[in-house]
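Asker: Dropping the structure in here first, questions after.
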Amino acid sequence: MSETIFSKILRKEIPATVLYEDDLVMAFQDIHPQAPVHFLVIPKQPIVSLDSISGDDRGLLGHLQWVASKVAREQGLSEGGYRVVTNIGSHGGQSVSHLHYHVLGGRPMAWPPG
Ligand code: 5GP
């Protein structure tokens, strides 16, 4: 996998507002928030997208979702609800080739998405 902006965030070479970090994952605020709360949860392991995972990644994916839910709760999103989404490839609207879950909340979300 080639270098992305998220690799630099993981190495603390560029700043980010980190909401959670452990040895496997990091959650940080999106630089261009699309909702009052908008953060990203990424694995430290360089995985391009959900399309390139293997069976060995199943535990990591569960952990990513656990962190998404934990940080969403801490950000006060439980009562109103929120959206977790991951974009895959060009049709999915993915702009950074490092797997990430968007967590968006603090306003009602439209459906279907554009
Ligand atoms: P994608 O379009 O790939 O699903 O989402 C990439 C997300 O990364 C976008 O929401 C974008 O705002 C965010 N992003 C891109 N560059 C940076 C950055 O340097 N810092 C942070 N915190 N977020 C970024």
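Just so it is clear, none of the values below were taken in a lab; they were calculated from the coordinates. These numbers come from a predicted model, not from an experiment. Heads up, the Cβs are rebuilt from the backbone with ideal geometry, glycines too, and the neighbour counts pull from every protein chain shown.
Asker: Tell me, how many Å apart are the Cα centres for segment 1-66 and for segment 72-101?
Answerer: Distance between centres, Cα-based: 10 Å.
Asker: So what J values fall out for segment 10-18 if you push phi through Karplus, 6.51 cos²θ - 1.76 cosθ + 1.60 with θ = phi - 60°, rounded to Hz, Gly and Pro as x?
Answerer: So the J values, rounded to whole Hz, are 4, 8, 6, 7, 10, x, 8, 8, 7.
Asker: Let me ask something else. Placing +1 on the Cβ of each Lys and Arg and -1 on the Cβ of each Asp and Glu in the chain, which of S69, L10, S54 has its Cα farthest towards the positive end of the resulting dipole?
Answerer: Of S69, L10, S54, it is S69.
Asker: Simple spin-label model, 7 Å along Cα-to-Cβ: D23 to D51 in nm?
Answerer: The answer from the label model is 3.3 nm.
Asker: Between 0 and 90 degrees, rounded to the nearest ten: what's the tilt of helix 58-74 against the longest Cα principal axis of the chain?
Answerer: 40
Asker: Charges only on Cβ, +1 for Lys and Arg, -1 for Asp and Glu: so what's the dipole of segment 36-112 about the Cα centre, in debye to the nearest 20?
Answerer: On the way: 6 positive and 5 negative charges, 34 e Å.
In debye, rounded to 20, segment 36-112 gives about 160.
Asker: Describe numerically, in nm with one decimal, the distance between label points set 7 Å from Cα along Cα→Cβ at H91 and at K70.
Answerer: Using points 7 Å along Cα→Cβ, the separation is 3.5 nm.
Asker: Summing Lys, Arg as +1 and Asp, Glu as -1, what charge do residues with Cβ under 11 Å from the Cβ of Y82 carry, Y82 excluded? Please list the in-between numbers first.
Answerer: On the way: positive: R73, R83, R107; negative: E79.
Within the 11 Å Cβ shell, the charges total +2.
Asker: Let me ask something else about it. Normalized C-alpha radius of gyration of the chain, against 2.2 N^0.38 Å? It would help to have the intermediate numbers written out before the result.
Answerer: Details: Rg = 13.6 Å, N = 114, 2.2 N^0.38 = 13.3 Å.
With N residues counted in the chain, Rg over 2.2 N^0.38 Å equals 1.02.
Asker: How much length is gained if the chain between W111 and R11 is pulled fully straight, taking 0.36 nm per residue apart and subtracting their Cα-Cα distance, in nm to one decimal? Before the final figure, lay out each step's value.
Answerer: Details: separation 100, 0.36 × 100 = 36.00 nm, distance 3.58 nm.
Extra length from W111 to R11 when fully extended: 32.4 nm.
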